[in-house]
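Presented below is the structure to which this report refers.
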Amino acid sequence: MSHFRRIVGLLAAAALLVVLAGCAPKKIYIPVISKGFQHQFWQAVKQGAEKAAKQDNVDITFEGPATEADIQPQVQMLVNAMAKNPSAICLAALDTNSVMDQLNQAIKRKIPIIGFDSGVPKAPDGAIYATAATNSYNAAGLAAEKMFAAIQDKVAAATAAKPVTIVDFNQDATSQSVTDRGKGFRDRMIKLVVDQGKHKLMDIKVMGNPAYIAADSPTTGKAVIIDVVVPASPKDTDATSSAQAILNRFKSSNILGIFCSNEGVARAVLAATNDGSALPKQYPGLAVVGFDAGKAQKAAVKAKYFLGSITQDPVQIGFLAVDLAYKAIKKEKVADVDTGAKFYDAANMDQPEFGPLLYD
């Protein structure tokens, strides 16, 4: 009888364990959907996201389309992620309009969405709880300051008879982070030309892609031209073609500088100049300022082919995106976070503080 009771007791205990296992809280799942996977930038974001997942004891997946031109594949990634009943979602949207249905579903299902990098601009109210991103407008303003310091004398000497051109090179006219950078560079450069370049607003002309020409942008000047260039598409081949077209008119347009608003167009300039080695030989005095990092761009900065580049903190972007999502799940109050930016050049890029920011 005692043996029988022991067996019954063991079976009861086993049954209780099964019940308890079934009642155990499900581990938090947060899909992280980026704008791409081809840039080293996104790999660094992934590292940060994984670090936060470990800290907060949550499960994440990290994915992005093959290129930043692949809007529909990203939409499908979001559809698939929502089908898995996530606790929250981290999203860097390529095109907000394309994911509007999913955003509205998230609101109804009370799934917090945390934007990162470019975030999810113009999302429905209540969809985005917070965004972890570089203040791209201000970061590009820093690029303008560094470039202007190198070309100030030539800008001051410009006249309507002998104008100068500064190129604002942007991968697209749709991504919030890219457009913010293009506009930030444009506005800061205009202010510098007026405040320190010995010119009036009427001497400046902003031209090129209409998405980057604001209602108050000067458009009739003849001495200093700020030319905003956007490739036919974000694909590497189109970006490189645009870079080559810019360089082809280096002399005829008297181009003093090129601002590359992300790694994609910086890489395009390098592709058009034999990894940058042609810049000092064929385009003497041209001041190129990039954005982000990657092996090719870092090498160009180190060799002084580029004046320098602006770096974000992609690891921090990924970390804070997941951590904000975790806090939102826990009903904690969350708000937008500026993850910061710095300028690096051949003189400072080997300093310890830049190590985590200059990803490969």
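The values are calculated or read from the model by the stated rules, or taken from the named source; none is laboratory data. Fair warning: this is a prediction, and the values are worked out from it, not measured in the lab. Virtual Cβ from ideal backbone geometry, glycine too; neighbours counted across all protein chains shown.
Matching residues to (1) of a type outside the set (Asp, Glu); (2) touching a Gly at 6+ places or on another chain (Cβ under 8 Å); (3) closer than 16 Å to LEU286 by Cβ:
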{"residue": "LYS110", "(1), (2), (3)": "yes, no, no"}
{"residue": "SER118", "(1), (2), (3)": "yes, no, no"}
{"residue": "PRO121", "(1), (2), (3)": "yes, no, no"}
{"residue": "TYR129", "(1), (2), (3)": "yes, no, no"}
{"residue": "ALA133", "(1), (2), (3)": "yes, yes, no"}
{"residue": "TYR137", "(1), (2), (3)": "yes, yes, no"}
{"residue": "PHE148", "(1), (2), (3)": "yes, yes, yes"}
{"residue": "ILE151", "(1), (2), (3)": "yes, yes, yes"}
{"residue": "THR165", "(1), (2), (3)": "yes, no, yes"}
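Considering only segment 274-282, I want to know if a residue exists there that is in a helix (DSSP H, G or I) and buried (at least 24 other Cβ atoms within 10 Å of the Cβ).
yes
Among strands (runs of 3 or more DSSP E) lying entirely in segment 191-262, which contain 2 or more residues that are out of contact with any Phe, Trp or Tyr (no Cβ under 9 Å at 6 or more places or on another chain)?
204-208, 224-229
Show the residue pairs meeting these rules: Cβ distance below 6 Å; 6+ apart or different chains; first residue within segment 291-303 and over 15 Å from GLY355 (Cβ atoms); second residue part of a helix (DSSP H, G or I) and among the hydrophobic types (A, V, I, L, M, F, W, C).
What qualifies is ASP292/PHE41; ALA296/LEU270; GLN297/ALA266; ALA300/LEU270.
Looking for whichever is touching a Pro at 6+ places or on another chain (Cβ under 6 Å) and at pLDDT 95 or above here; the options are ALA272, ALA223. Which one fits?
Exactly one of ALA272, ALA223 is touching a Pro at 6+ places or on another chain (Cβ under 6 Å) and at pLDDT 95 or above, namely ALA223.
Checking ASP101 against (1) crowded, with 18+ Cβ neighbours inside 10 Å; (2) more than 23 Å from the chain's Cα centre (by Cα); (3) acidic (Asp, Glu), which single condition isn't satisfied?
Condition not satisfied by ASP101: (1).
Output the number of residues of segment 191-213 satisfying the condition of being over 18 Å from ALA143 (Cβ atoms) and of a type in the set (Gly, Ala, Ser).
Count: 1.
Which residue, of PRO121, PRO112, PRO163, is assigned by TED's automatic domain parsing to the domain that holds LYS330 and modelled with pLDDT of 95 or more?
PRO112
Answer yes or no as to whether VAL265 is closer than 22 Å to ALA139 by Cα, touching a helix residue (DSSP H, G or I) at 6+ places or on another chain (Cβ under 7 Å), surrounded by fewer than 24 Cβ atoms within 10 Å (Cβ to Cβ) and assigned by TED's automatic domain parsing to the domain that holds GLN152.
no
Here is a yes/no grid of residues against (1) of a type in the set (Val, Ile, Thr); (2) assigned by TED's automatic domain parsing to the domain that holds GLN76:
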residue	(1), (2)
ALA127	no, yes
ALA144	no, no
VAL178	yes, no
ILE190	yes, no
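The rows are residues; the columns are (1) crowded, with 20+ Cβ neighbours inside 10 Å; (2) assigned to a strand (DSSP E or B); (3) out of contact with any strand residue (DSSP E or B) (no Cβ under 9 Å at 6 or more places or on another chain).
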residue	(1), (2), (3)
VAL322	yes, no, no
ALA325	yes, no, no
ALA328	yes, no, no
ASN348	no, no, no
GLU353	no, no, no
PRO356	no, no, yes
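Across segment 146-202, which residue is surrounded by the most Cβ atoms within 10 Å (Cβ to Cβ) among those that are farther than 24 Å from PHE116 by Cβ and among the hydroxyl-bearing types (Ser, Thr, Tyr)?
THR165
Is at least one residue of segment 209-217 polar (S, T, N, Q), closer than 30 Å to MET100 by Cα and either touching an Asp or Glu at 6+ places or on another chain (Cβ under 7 Å) or surrounded by 20 or more Cβ atoms within 10 Å (Cβ to Cβ) (or both)?
No.
Here are PRO352, PRO284, PRO280, PRO356: which of them is under 23 Å from VAL178 (Cα atoms), free of Cβ contacts under 8 Å to residues at least 60 places away in the same chain and not assigned by TED's automatic domain parsing to the domain that holds THR67?
When all the criteria are applied, what remains is PRO356.
Considering only residues that are buried (at least 23 other Cβ atoms within 10 Å of the Cβ) and β-branched (Val, Ile, Thr), look in segment 33-59 and name the one that is farthest from ASP101 (Cα to Cα).
Per the criteria, the residue is VAL45.
Test ARG249 against the criterion of being surrounded by 20 or more Cβ atoms within 10 Å (Cβ to Cβ) and either among the basic types (Lys, Arg) or outside the structural domain of LEU279 (by TED's automatic domain parsing) (or both), and give yes or no.
It is false that ARG249 is surrounded by 20 or more Cβ atoms within 10 Å (Cβ to Cβ) and either among the basic types (Lys, Arg) or outside the structural domain of LEU279 (by TED's automatic domain parsing) (or both).
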